[in-house]
1. Search the range 50-74 for residues being polar (S, T, N, Q) and touching an Asp or Glu at 6+ places or on another chain (Cβ under 8 Å), and hand back the single one that is farthest from S166 (Cα to Cα).
2. Within the group T138, T152, which residue is surrounded by fewer than 13 Cβ atoms within 10 Å (Cβ to Cβ), polar (S, T, N, Q) and assigned by TED's automatic domain parsing to the domain that holds T119?
3. Part of a loop (DSSP other than H, G, I, E, B), in contact with a Lys or Arg (Cβ under 7 Å, 6 or more places away or on another chain), over 14 Å from A108 (Cβ atoms) and not polar (S, T, N, Q): is that true of L187 in this structure?
4. Would you confirm, using the coordinates I've provided, whether R39 is of a type outside the set (G, A, S), exposed (fewer than 14 other Cβ atoms within 10 Å of the Cβ) and either modelled with pLDDT under 95 or assigned to a strand (DSSP E or B) (or both)?
5. Output the residues belonging to the range 109-144 that are of a type in the set (S, T, N, Q) and under 14 Å from R58 (Cα atoms).
6. Condition check: touching a residue at least 60 places away in the same chain (Cβ under 8 Å) and more than 13 Å from the chain's Cα centre (by Cα). Does D160 satisfy that?
7. When you check L211 against the structure, is it assigned to a loop (DSSP other than H, G, I, E, B), modelled with pLDDT of 95 or more and in contact with a Phe, Trp or Tyr (Cβ under 7 Å, 6 or more places away or on another chain), yes or no?
8. Inspect the range 141-148 for any residue being outside the structural domain of Y121 (by TED's automatic domain parsing), of a type outside the set (S, T, N, Q), in a loop (DSSP other than H, G, I, E, B) and without any contact (Cβ under 8 Å) to a residue 24 or more places away in the chain and give the result as yes or no.
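The values are calculated or read from the model by the stated rules, or taken from the named source; none is laboratory data. This is a predicted model, so every value here is computed, not measured. Using ideal geometry, Cβ is built from the backbone for each residue, glycine included, and neighbour counts are taken over all protein chains shown.
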Amino acid sequence: MQLPPIVTQDAWQDAREHLLEKEKAATRALDALAAERRRLPMTRFAGDYDLTGPDGPRTLPDLFEGRRQLVVYQMMDNGPDDYCEGCAAVMDSVGHLAHLNARDTTFAVVSDMPIEQLTAYWRRMEWAIPFYSSRDSTFAADCGAASGFALTVFLRDGDDVYRTYSTTARGVDHLRFEFTILDLTPLGRQETWEDTPAGRPQTAPYEWWRLHDEYASAEVTP
């Protein structure tokens, strides 16, 4: 494996400071994007979906849990015997929700999986995130997820629900803790699409992902 070049501490510091200027510019660009995102218009969203939680039927307004904002991750439904490792990694990356709740915001997962399957899945993965089934409703399609996944942001004004933002694909990358950390390392995510110096380990995207309780029984060597 080809390692990074070895230089003096002063040379390393010079290179680090040069990169830091670019990192600061990227941070300012992200701040500007967030400011523009906060100025997006919104569109009315139906609230009469037949959703199901562990304790029974729920409507979309119920998912807000009395708060003003709701962020929904629509999890893929791959059938009764298969689970999306990427969606699972997003759930593994979710921290304590008290911090979001303190800013009048609720986070929840919705999936077309039957509630019985979701309940067993949550128990297996030991997640503490609110979850609901949207089976036999058009919620996933209306959020732009269809049979895939998506992140949607809603705002509640009284009994009215509005969609303010949505994203999918690489748009949810930043939710994954391991991607954020790996992007700081010299080996990166070790996936073939990355611009990485020759000689560094790389494998095809998606193939190395596992549910977090499956890595011990899988050979995941680049």
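1. Initially, the range 50-74 is screened for residues polar (S, T, N, Q), giving 52, 59, 69, 74.
Pick out the ones that are also touching an Asp or Glu at 6+ places or on another chain (Cβ under 8 Å) and you get 59, 69.
Details: T59: 20, Q69: 14 Å.
This residue is T59.
2. Details: T152 fails: surrounded by fewer than 13 Cβ atoms within 10 Å (Cβ to Cβ).
Of the residues listed, the single one that is surrounded by fewer than 13 Cβ atoms within 10 Å (Cβ to Cβ), polar (S, T, N, Q) and assigned by TED's automatic domain parsing to the domain that holds T119 is T138.
3. Numbers: part of a loop (DSSP other than H, G, I, E, B): yes; in contact with a Lys or Arg (Cβ under 7 Å, 6 or more places away or on another chain): yes; over 14 Å from A108 (Cβ atoms): yes; not polar (S, T, N, Q): yes.
Yes, satisfied.
4. Numbers: of a type outside the set (G, A, S): yes; exposed (fewer than 14 other Cβ atoms within 10 Å of the Cβ): yes; either modelled with pLDDT under 95 or assigned to a strand (DSSP E or B) (or both): no.
Considered against the rule, which asks whether it is of a type outside the set (G, A, S), exposed (fewer than 14 other Cβ atoms within 10 Å of the Cβ) and either modelled with pLDDT under 95 or assigned to a strand (DSSP E or B) (or both), R39 comes out as no.
5. Within the range 109-144, the subset of a type in the set (S, T, N, Q) is 111, 117, 119, 133-134, 137-138.
If the condition is that a residue be of a type in the set (S, T, N, Q) and under 14 Å from R58 (Cα atoms), then S111, S133, S134, S137 are the ones that fit.
6. Values: touching a residue at least 60 places away in the same chain (Cβ under 8 Å): yes; more than 13 Å from the chain's Cα centre (by Cα): yes.
Yes: the conditions hold for D160.
7. Numbers: assigned to a loop (DSSP other than H, G, I, E, B): yes; modelled with pLDDT of 95 or more: yes; in contact with a Phe, Trp or Tyr (Cβ under 7 Å, 6 or more places away or on another chain): yes.
Considered against the rule, which asks whether it is assigned to a loop (DSSP other than H, G, I, E, B), modelled with pLDDT of 95 or more and in contact with a Phe, Trp or Tyr (Cβ under 7 Å, 6 or more places away or on another chain), L211 comes out as yes.
8. Within the range 141-148, the subset outside the structural domain of Y121 (by TED's automatic domain parsing) is none.
No, the range 141-148 contains no residue that is outside the structural domain of Y121 (by TED's automatic domain parsing), of a type outside the set (S, T, N, Q), in a loop (DSSP other than H, G, I, E, B) and without any contact (Cβ under 8 Å) to a residue 24 or more places away in the chain.
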